[in-house]
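The values are calculated or read from the model by the stated rules, or taken from the named source; none is laboratory data. Nothing here was measured: the structure is a model prediction, and the numbers come from that model. Cβ coordinates were reconstructed from backbone atoms using ideal geometry, including for glycine residues, and neighbour counts include every protein chain displayed. For the accessible areas, the whole protein counts, side chains as well, though only heavy atoms, and no ligand, DNA or RNA atoms are used. Shrake-Rupley method; radii C 1.70, N 1.55, O 1.52, S 1.80 Å.
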Amino acid sequence: QVQLVESGGGLVQAGGSLRLSCVASGSIFSINAMGWYRQAPGKQRELVATITSGGPTNFADSVKGRFTISMDNAKNTVHLQMNSLNAEDTAVYYCLVKLRTSRWDRVRDYWGQGTQVTVSS
């Protein structure tokens, strides 16, 4: 089994910053990529940012220049640093990890339980 534990969400004023973290543990053979998605009320879940184990990153246009993503391969952890937050960033943020549980397994997606980020204007 694989467990994902997210932390760092909360309430922040517009212009402020938050740092989200997600730690993966359990039966992990290798991690291909980690990242964050978000879902606002009444909207579909959308990509925020991803990072591969080799380093390349991908960001949604709406967060470029404001958010950064980093990955600690040794600790199976991904961080999302969110700066200059605005009301449109309010959502539940979900951690996604693409990993294999064994050398014979295919890469599968694992999702965290979600952490609420609320930006007050």
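Side notes on the structure shown:
- Residue list for the range 5-62, filter: closer than 17 Å to residue 78 by Cβ and over 16 Å from the mean Cα position of the chain (by Cα): 26, 28, 30, 54
- Output for the range 64-95, where each listed residue is closer than 17 Å to residue 14 by Cβ, out of contact with any Phe, Trp or Tyr (no Cβ under 7 Å at 6 or more places or on another chain), surrounded by 14 or more Cβ atoms within 10 Å (Cβ to Cβ) and among the hydrophobic types (A, V, I, L, M, F, W, C): 85, 91
- Meets criteria (closer than 22 Å to residue 1 by Cα, charged (D, E, K, R) and surrounded by fewer than 16 Cβ atoms within 10 Å (Cβ to Cβ)) for residue 61: no
- For first residues located in the range 23-39 and farther than 20 Å from residue 115 by Cα, partners that are open to solvent by 50 Å² or more (accessible area, probe 1.4 Å) and hydrophobic (A, V, I, L, M, F, W, C) and lie 6+ apart or on another chain with Cβ distances below 8 Å form the pairs 32/107.
- Pairs with Cβ under 6 Å, 6+ apart, first in the range 95-120 and without any contact (Cβ under 8 Å) to a residue 12 or more places away in the chain, second part of a strand (DSSP E or B) and open to solvent by 20 Å² or more (accessible area, probe 1.4 Å): none
- Extreme residue, most open to solvent (accessible area, probe 1.4 Å), among residues of the range 1-47 that are β-branched (Val, Ile, Thr) and under 30 Å from residue 104 (Cα atoms): 5
- For the range 14-73, filtering for residues that are of a type in the set (D, E, K, R) and in contact with a His (Cβ under 9 Å, 6 or more places away or on another chain) leaves 2.
- Given (1) surrounded by fewer than 14 Cβ atoms within 10 Å (Cβ to Cβ); (2) closer than 22 Å to residue 1 by Cα; (3) among the polar types (S, T, N, Q); (4) at pLDDT below 95, index of the condition residue 53 fails: (1)
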